[in-house]
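The values are calculated or read from the model by the stated rules, or taken from the named source; none is laboratory data. All figures in this text were calculated on a predicted structure; none of them were measured in a lab. In this analysis, Cβ positions are derived from the backbone assuming ideal geometry, glycine residues included, and neighbour counts consider all displayed protein chains.
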Amino acid sequence: MRSVISYDPMLDTNFEELFSGFFKPVRLEGAPSPVTIKMDITETDDGYWVHAEMPGVDKENINIAMEGNLVTITAEVKRAWEKKEGERTLRSERYFGNIYRSFTLPAALDESACEATYDKGVLQLKLVKKAAAAAKKLTIR
């Protein structure tokens, strides 16, 4: 008769390897990964300053939309060179395509007073808060 041996899967070294990459996101080699616009937002008394990193983008390809307190930045990163005859790409990690970032601020913005500048791959936005409406007093009839 054979003896019974207890089996503990946690002691088995192959058990760890089975689930080692289970919760990691699947990424296909060569597939472009989406790029997010990295930014810093600071608040002042009269508005906000936004510094957004957008390397490799021409300022003509940047669009900024504001609606109330919602700000949306979109841009297109274009490939700056053409592939020549006889060349083959060994590795390509740079992203080319559309990038997008949208965020909501605590206060509504005065679109007519806001300004944007772009220099050396950094977009700077000066976003001015909309003046608060004066409190209206109701008369009781």
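Residues in region 58-67 that are in contact with a strand residue (DSSP E or B) (Cβ under 9 Å, 6 or more places away or on another chain) and farther than 23 Å from residue 104 by Cβ: 58, 59, 61. The C-beta contact set for region 97-122 (first residue more than 17 Å from residue 47 (Cα to Cα), second residue of a type outside the set (A, V, I, L, M) and part of a strand (DSSP E or B), distance under 7 angstrom, 6+ apart or interchain) comprises 98/74; 98/76; 100/74; 102/72; 121/53; 122/51; 122/53. For region 80-103, the candidate set comprises residues that are aromatic (Phe, Trp, Tyr) and part of a loop (DSSP other than H, G, I, E, B); within that set, the residue that is farthest from residue 39 (Cα to Cα) is 81. For region 97-111, check the following and say yes or no: at least one residue is of a type in the set (Gly, Ala, Ser), touching a Lys or Arg at 6+ places or on another chain (Cβ under 6 Å) and surrounded by 15 or more Cβ atoms within 10 Å (Cβ to Cβ). Looking for residues that are of a type in the set (Gly, Ala, Ser), touching a Lys or Arg at 6+ places or on another chain (Cβ under 6 Å) and surrounded by 15 or more Cβ atoms within 10 Å (Cβ to Cβ), one finds at least one in region 97-111, hence yes. Could you list all residues from region 125-138 that are in a loop (DSSP other than H, G, I, E, B) and modelled with pLDDT of 80 or more? Across region 125-138, the qualifying residues are 130, 131.
When residues in region 108-124 are screened for being assigned to a strand (DSSP E or B), out of contact with any Ser or Thr (no Cβ under 8 Å at 6 or more places or on another chain) and not acidic (Asp, Glu), 5 of them pass. Is there a residue being surrounded by 10 or more Cβ atoms within 10 Å (Cβ to Cβ), modelled with pLDDT under 60 and aliphatic (A, V, I, L, M) anywhere in region 48-68? Looking through region 48-68, none of the residues is surrounded by 10 or more Cβ atoms within 10 Å (Cβ to Cβ), modelled with pLDDT under 60 and aliphatic (A, V, I, L, M). Residues that are surrounded by 11 or more Cβ atoms within 10 Å (Cβ to Cβ), among the aliphatic types (A, V, I, L, M) and in contact (Cβ under 8 Å) with a residue 60 or more places away in the chain are absent from region 75-95 altogether. Once region 36-47 is narrowed to residues that are closer than 17 Å to residue 108 by Cα, β-branched (Val, Ile, Thr) and surrounded by 11 or more Cβ atoms within 10 Å (Cβ to Cβ), the residue that is nearest to the chain's Cα centre (by Cα) is 41. Among the candidates 77, 26, the residue that is over 14 Å from residue 125 (Cβ atoms), at pLDDT below 75 and among the β-branched types (Val, Ile, Thr) is uniquely 26.
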